[in-house]
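The values are calculated or read from the model by the stated rules, or taken from the named source; none is laboratory data. From a predicted model like this one, the values you see are computed outputs, not experimental measurements. Counting neighbours? That spans all protein chains shown, and the Cβs are built from the backbone with ideal geometry, glycine included.
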Amino acid sequence: MGDHFLDADIRDWSPSTWRSKPIKQAVKYEDQAGFGRAIQQLERLPPLVTPQEIVKLKNSLREVALGNAFLLQGGDCAELFDYCEQGMIESKVKLLLQMSLVLVYGAKKKVVRIARTAGQYAKPRSSPVETINGITMPSFRGDILNSYEPTPEARKPDPSRLVEAYFHSAATLNYLRAAISSGLADMHSPLDWGLGHVLDPIVKDKYQKIVHTITEWLEMMQTIGVSTGGGLETVELFTSHEGLLLEYEQPLTRLCKHPPNVLPTTSNPQSPRLNGHLLPSCSFPSFGYYNTSTHFLWIGDRTRQLTHAHVEFFRGLSNPIGVKVGPTMPASDLAPLLDILNPYREIGKITLITRYGCDKIATHLPSHIEAVKQSGHIVVWQCDPMHGNGRNADITSATTEKSSPPTTTTIKTRHFTDILSELQQALQIHKAHSSYLGGVHLELTGDAVTECVGGAGGLKEEDLSLNYTTFCDPRLNEKQALELAFLVAGFYRG
Ligand code: PEP
Ligand code: MN
């Protein structure tokens, strides 16, 4: 491949240049021969998604950045290989679809849907080790890396899990595609809105009115025939995961000819820049590197250092990408970060996923919005109201031995009111700064778990042990997630 096909900036980049940079959350495989075999296999396996699909999402996110659409992204914190199962996949798709209908109603805009699925297998951890039953062992880092089983042996990084992750992603994606194209998400079929859990009669009445309006609207569309070829029978759903384990992401990143739906450079009003300097003007290259493991990837809050490996890897990708932005992000890092990750200033290529916590957002978001405005970049602003709002709860469970006292364990939870408060503040702050909050990023599941406190069902701390099944962060259950969508819809409608 001649260099002239690629732009100046990418000529000194390849999918492996991240290896010469410092890296956080590094992995050390003891079994180097097994690691080599796994990488060779991943390099041969076919792409999971195509550049056409990736560019389609990038073009949709451009509309979000410009204020013409809304982005809903959600799924598990840590997806397990075990979640690759019909019922769990279906319930997640249905929930995202239902939430998106409520958001269409609220924001009166097209909703772009991205699931955290089919590859959300790697987790960053605050501590590399933990002590369980008096034994210190490596922390669980996601199914792609090690096992949850609490023994030092099972917690060692196992390279065969890299290939297993690929096949579980492929099976999940295959069923997602097949189920959607077979009408799982057909909006003509009645959806089960199940509002029986809503305790407050006024709230219940309000939700029922919204459901009634949406149902009528769907029926009307069908009657007047808007659905003929109009896409009501099916929906678009994209996939995403945190691009944390670069050993996995690298072999699935492939040089591809840009597909015909790629937008020409003329649509980008600004010239490319790096570190604030104008790059020599050059036309948009004909080829680009696409990470074909998923449509959208993000850099986590722990791995977004400007000079480190993750930013180096991501700067070469043609995919739309996200960056988590927490309270430790200096406002002065935002412009250089955006210049590095998006030298062509493609509108909507970058999604800034803010996650400060309900008591910190007011201190940080205004200066972050202003810094991005000054940089001239046009991004998607998405609020993740989950990751800054973690709390600990003590749960007490009786032991089987009558004579021994009940045991108390500390588990992670989140309060619905904190989540809602961060979202509401995000909306208000963006409005006050003439900026557009384009989306939400949630940890949720289609199942009836009890991991977050609050919501219209009145879940309390003492209920958490009923069905607490997460292997990482606490998720909204299907009712809490839908309720959040109703409330956000209400904010937009004023
Ligand atoms: C996550 O999204 O699960 C996560 C670890 O987020 P953050 O990087 O914002 O902590
Ligand atoms: Mn999480």
message = I need every pair where a residue in the range 412-429 that is over 12 Å from Glu451 (Cβ atoms) has its Cβ under 7 Å from the Cβ of a residue that is assigned to a strand (DSSP E or B) and among the β-branched types (Val, Ile, Thr), sequence separation at least 6 or different chains.
response = Leu423/Val440; Ala426/Thr354
task = Identify the single condition in (1) in contact with a Phe, Trp or Tyr (Cβ under 8 Å, 6 or more places away or on another chain); (2) surrounded by fewer than 18 Cβ atoms within 10 Å (Cβ to Cβ) that Gly455 does not satisfy, given that it satisfies every other one.
result = (2)
request  = Out of the residues in the range 112-170 that are within 13 Å of ligand 1 (Cβ to nearest atom) and among the charged types (D, E, K, R), state the one that is surrounded by the fewest Cβ atoms within 10 Å (Cβ to Cβ).
outcome  = Arg125
inquiry  = Looking at the range 35-54, I want the residues that are farther than 13 Å from Gln250 by Cα and without any contact (Cβ under 8 Å) to a residue 40 or more places away in the chain and have a partner that is outside any helix (DSSP H, G or I) and charged (D, E, K, R) with Cβ atoms under 6 Å, at least 6 apart or on another chain. Which pairs are those?
reply    = none
query = Inside the range 49-70, can you point out the residues that are under 19 Å from Trp298 (Cβ atoms) and among the polar types (S, T, N, Q)?
reply = Asn59, Ser60
query = All but one of (1) away from ligand 2 (no atom under 16 Å from the Cβ); (2) not in a loop (DSSP other than H, G, I, E, B) hold for Leu442; which doesn't?
reply = (1)
inquiry  = If I ask for residues that are touching a Phe, Trp or Tyr at 6+ places or on another chain (Cβ under 8 Å) and under 27 Å from Ile210 (Cα atoms), which ones from the range 77-103 would you list?
reply    = Ile89, Gln98, Val102, Leu103
query = How about the range 83-92: which of its residues are touching a residue at least 12 places away in the same chain (Cβ under 8 Å) and more than 16 Å from ligand 2 (Cβ to nearest atom)?
reply = Cys84, Gln86, Met88, Ile89, Glu90, Ser91
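Residue by residue, here is whether (1) in contact with a strand residue (DSSP E or B) (Cβ under 9 Å, 6 or more places away or on another chain); (2) of a type in the set (Phe, Trp, Tyr); (3) in a helix (DSSP H, G or I); (4) surrounded by fewer than 19 Cβ atoms within 10 Å (Cβ to Cβ) holds:
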position: Ile369; (1), (2), (3), (4): yes, no, yes, no
position: Arg391; (1), (2), (3), (4): yes, no, no, yes
position: Thr409; (1), (2), (3), (4): yes, no, no, yes
position: Gln424; (1), (2), (3), (4): no, no, yes, yes
position: Asp447; (1), (2), (3), (4): no, no, no, yes
position: Phe471; (1), (2), (3), (4): no, yes, no, yes
key: Single match in Gly438, Gly490 (criterion: more than 15 Å from Gly194 (Cβ to Cβ) and either within 16 Å of ligand 1 (Cβ to nearest atom) or within 16 Å of the chain's Cα centre (by Cα) (or both))   = Gly438
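Select the strands (runs of 3 or more DSSP E) contained entirely in the range 227-316, then report the ones holding at least 1 residues which are within 16 Å of ligand 1 (Cβ to nearest atom) and either at pLDDT 95 or above or under 22 Å from Tyr344 (Cβ atoms) (or both). Break it down into steps so the answer makes sense when it comes.
On the way: elements: 238-242, 253-257, 287-291, 296-299.
Strands (runs of 3 or more DSSP E) meeting the threshold: 238-242, 296-299.
Which strands (runs of 3 or more DSSP E) sit wholly inside the range 93-208 and have at least 1 residues that are in contact with a strand residue (DSSP E or B) (Cβ under 7 Å, 6 or more places away or on another chain) and within 16 Å of ligand 2 (Cβ to nearest atom)? Full working, then the answer.
Values: elements: 110-116, 129-132, 135-138.
Those strands (runs of 3 or more DSSP E) span 110-116.
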key: Options Tyr344, Tyr356; residue that is at pLDDT below 95 and either at negative phi or away from ligand 1 (no atom under 16 Å from the Cβ) (or both)   = Tyr344
request  = Being touching a residue at least 40 places away in the same chain (Cβ under 8 Å) and aliphatic (A, V, I, L, M) is the filter; apply it to the range 460-476 and report the residue that is nearest to ligand 2 (Cβ to nearest atom).
outcome  = Leu476
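Select from the range 359-371 the residues that are away from ligand 1 (no atom under 16 Å from the Cβ) and in contact (Cβ under 8 Å) with a residue 60 or more places away in the chain and write down the one among them that is nearest to Gly300 (Cα to Cα). If you could, list the steps in order and put the result at the bottom.
Taking the range 359-371 and keeping what is away from ligand 1 (no atom under 16 Å from the Cβ), we get 359, 362-363, 366-367, 369-371.
Still in the running and in contact (Cβ under 8 Å) with a residue 60 or more places away in the chain: 362, 366, 369-370.
On the way: Ala362: 21, Pro366: 21, Ile369: 19, Glu370: 22 Å.
Among residues in the range 359-371 that are away from ligand 1 (no atom under 16 Å from the Cβ) and in contact (Cβ under 8 Å) with a residue 60 or more places away in the chain, the one nearest to Gly300 (Cα to Cα) is Ile369.
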